[in-house]
Every structure is written in C-alpha cells, then in structure tokens.
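What follows is a short report on a single structure.
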Amino acid sequence: MSIDELMALCPNLERVALVVSWFGTDLRAGECRIVPGVETAVRNGESKAWSVSGIARGSAHVVSGNSGVPAYGGTPDDAAVLAAIADLKARGLEVYLYPFLMMDIPSDNALPDPSASGVQPAYPWRGRITCFPATGRPDSVDRTAVAHGQVDAFIGTARAADFLLSGQQVAYGGSGDGYRRFILHYAQLARAAGGVDGFLLGSELRGLTAVRDEADRFPFVDALVALAADVKALLPTARLTYGADWSEYFGYHPQDGSGDVYFNLDPLWASSAIDAVGIDNYMPLADWRDEDLSEANPDGFRSAEDGAAIAAAISAGEGFDWYYATDADRIARIRTTITDSLADKPWTFRYKDIGGWWNNLH
C-alpha cells in the first residue's frame, strides 16, 4: 500500500532506496554489537515466523522501550525484504538496498561515553561510534594499535563464505556478529533476490572513519575498501557506494593544532568496487532569518523562498566562502572567511566546494 501511494504521488519515480535496519548497542567501537532486533520476543498469530540471518524471534535482540513503547520498529524479516524487492522490481523500479544502523542505547544506560564525561546519550547518532577514549579525550587511544583493535572488533570476522544461500534463505555459519556480518548478510540476501541495482555499504560513520592506528592509517576506511570488494564480488552488476556524512566525505582535519589535512576516504572513493561518491547532504544553504523581512539580508535573499538565491548558495555562502567560528558569532552574524595560509588551497576546507574537491589532485 505504501508503494502504491508513493507511485501515485510520484508518477515519474524510477528508483527506490529500500532501508533495512539493524541495531548498534554501544558507542565504543570495541564494545558495540550489531544485531537485528524485534519489538517483542513473543508474538502470537504471525502469518510467518520472523527470521533474520538465521536468528529466530526468541533469540533476537529486543529493542529498548521509550515511554512504554518500543523505541524503534524492529528489523524486517528476511522474507519480507525479499518480497519487497520482488514487488519493486515488478513495478519496473530500480532497487537500491540500504542497510542502516540505528543505535539502541536507552536513557537509563550506564555505558561510558567515549567522547565526553558521563554516560552515553540516549538513542544517539551512529556517527558518534568511535574509539574509547575518543580523539581529544584524556588518554585517547587514537593513533595506537589499541584503536586498530577496537575497530577490528567492530568490523568482525564474517566472510562471504560463512553464509549459506539456499533458494531464498540465507543462513550464517560464522562466529560472532559485527559490521561485516550485517553488510554481507544483505549482500547475500540481495543475491538471493536475483540482484539489485544498487547497494550501500552503510552511512555516516564519521566517528570511525577518522580513527587512526599506530601507523597513522585509517583502519575502518581500509575495512570499508575490503568490504566493498567482497560485496562487488557477490553483486557484480550493482552500483556500490558508502553514504558519507556531508562533513566527512571530503577529508579529516584533526583539531589538535597540527594543521594536518587527511583525505581519509580517498582510498574508498578510488576503489574499483565503488561506483559513486556518496554524500548524505545536509549542508546549510541559507542563513535566512525572520527579521530579514524588515532588515537588509547579507546574502541578498528577497524572501525565505527565494529560489534563485538558494540555487546560488549551492556553491557559495556558509561552508564555501565563510564560516561561523563560534555559536556567538552565528547569533551575531560575524562571518570568518575560509582561507588556507599554508598551501593556498582553500577548497580543502570548503565542505560545500564539491567542484573544487573533485577537480583538484589530493
């Protein structure tokens, strides 16, 4: 019914991203389990027993409650995902399978926050998963072999050969969980469905892609490169990418006074298994404020709906020409010009300058 409504609203629809969620249990990479989840451990009268990656309902992670109800809807049953893919294909739509990680960390948790003092925030963004203690914290393990080990624990050891594909059933014969099991399960499920048009390796894991090891390498990026090759081998005709956060895709600038610039995701974007640079794009376009109706707008907007001004801001304005150095500067509209005094490459620091990033060597 939902796809019927979508196609009625969007008659020129060509492709759909089918999102399927598993759950992370901890912001500390080395302690985080990645598992499918259900809203309740027991459900009577199901038309078909729930099963994901060979895990039955009674053995699955039960998502935490919030105000007396489940904080999230559960992971869709594997058979339901296959049925959805078949339905979308039958409608003539391209299917992009999008494994999505949600963090099931309730408000009453006692887990230490890797990035701050105190406990972990409730139901946080997956981009906050990182090493413990995190970069910038006292006794941080960033740039050590310990950080590499924590990333390895997050990734897990699942191999494509650990999955048994029988008709439209996918079972897992390996040990443990981890990110590789999560992603490879859905690659195998897409294979069982006869393939898909596109596949995402996940998204917005910026707290992991910035972690460095003792050799100053980025072990999670290396793991994504290996994972991309494994998925491509299973789905050779699918278009592959990773949905990088808009603040992550173009590089990493450690705030340690070093002035270092790392193009940490370049090995992934350059991988022969990757078909596109993926950006989850939430870059600010306008600094419009209600008082600009009666006062001069510094960006020349005639209204909040000034389409021409918004279009011009795609390659201008905040994140391109200038930035706000502090929250107080933002309130006062005190803007600092983006410059590069070391190498005269200001595009390095312009997250909105996709053209500059794409057209310059790095």
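The values are calculated or read from the model by the stated rules, or taken from the named source; none is laboratory data. Remember, predicted model here, so these are calculated numbers, not experimental data. Positions of Cβ are generated from backbone atoms using ideal geometry, with glycine treated the same way; all protein chains shown enter the neighbour counts.
Worth pointing out:
- D216 over 30 Å from W50 (Cα atoms), surrounded by fewer than 21 Cβ atoms within 10 Å (Cβ to Cβ) and out of contact with any Cys (no Cβ under 6 Å at 6 or more places or on another chain): yes
- One residue alone among V151, V141, V146, V170 is modelled with pLDDT under 95 and β-branched (V, I, T), and that residue is V170.
- Options D177, D216, D197, D222; residue that is of a type outside the set (S, T, N, Q) and at positive phi: D216
Condition check ((1) touching a residue at least 12 places away in the same chain (Cβ under 8 Å); (2) of a type in the set (D, E, K, R)) across all residues:
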| position | (1), (2) |
| --- | --- |
| A311 | no, no |
| D327 | no, yes |
| A332 | no, no |
| A343 | no, no |
| T348 | yes, no |
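- L111 vs. criteria farther than 30 Å from E5 by Cβ and either surrounded by 15 or more Cβ atoms within 10 Å (Cβ to Cβ) or at pLDDT 95 or above (or both): yes
- Residue identified as within 17 Å of I274 (Cβ to Cβ), in the same structural domain as V146 (by TED's automatic domain parsing), in contact with a helix residue (DSSP H, G or I) (Cβ under 7 Å, 6 or more places away or on another chain) and surrounded by 23 or more Cβ atoms within 10 Å (Cβ to Cβ) among A187, A223: A187
- Extreme residue, nearest to W22 (Cα to Cα), among residues of the range 60-106 that are modelled with pLDDT of 95 or more and among the polar types (S, T, N, Q): T75
- Candidates R143, R126, R181, R206, filtered to the one that is assigned by TED's automatic domain parsing to the domain that holds A79, in contact with a helix residue (DSSP H, G or I) (Cβ under 6 Å, 6 or more places away or on another chain), touching a residue at least 40 places away in the same chain (Cβ under 8 Å) and among the basic types (K, R): R206
- Check on I3, assigned to a helix (DSSP H, G or I), touching a residue at least 12 places away in the same chain (Cβ under 8 Å) and touching a Lys or Arg at 6+ places or on another chain (Cβ under 9 Å): yes
- Candidates F154, F132: the one that is assigned to a loop (DSSP other than H, G, I, E, B) and either under 18 Å from L201 (Cα atoms) or touching a residue at least 24 places away in the same chain (Cβ under 8 Å) (or both) is F132.
- Hey, A276 exposed (fewer than 15 other Cβ atoms within 10 Å of the Cβ) and within 30 Å of the chain's Cα centre (by Cα) or not: yes
- Any hit, the range 11-23, residues being over 23 Å from G198 (Cβ atoms), assigned by TED's automatic domain parsing to the domain that holds T130, surrounded by 13 or more Cβ atoms within 10 Å (Cβ to Cβ) and of a type in the set (G, A, S): no
- V170 being in contact with a helix residue (DSSP H, G or I) (Cβ under 7 Å, 6 or more places away or on another chain), buried (at least 16 other Cβ atoms within 10 Å of the Cβ), in contact (Cβ under 8 Å) with a residue 12 or more places away in the chain and within 25 Å of V62 (Cβ to Cβ): yes
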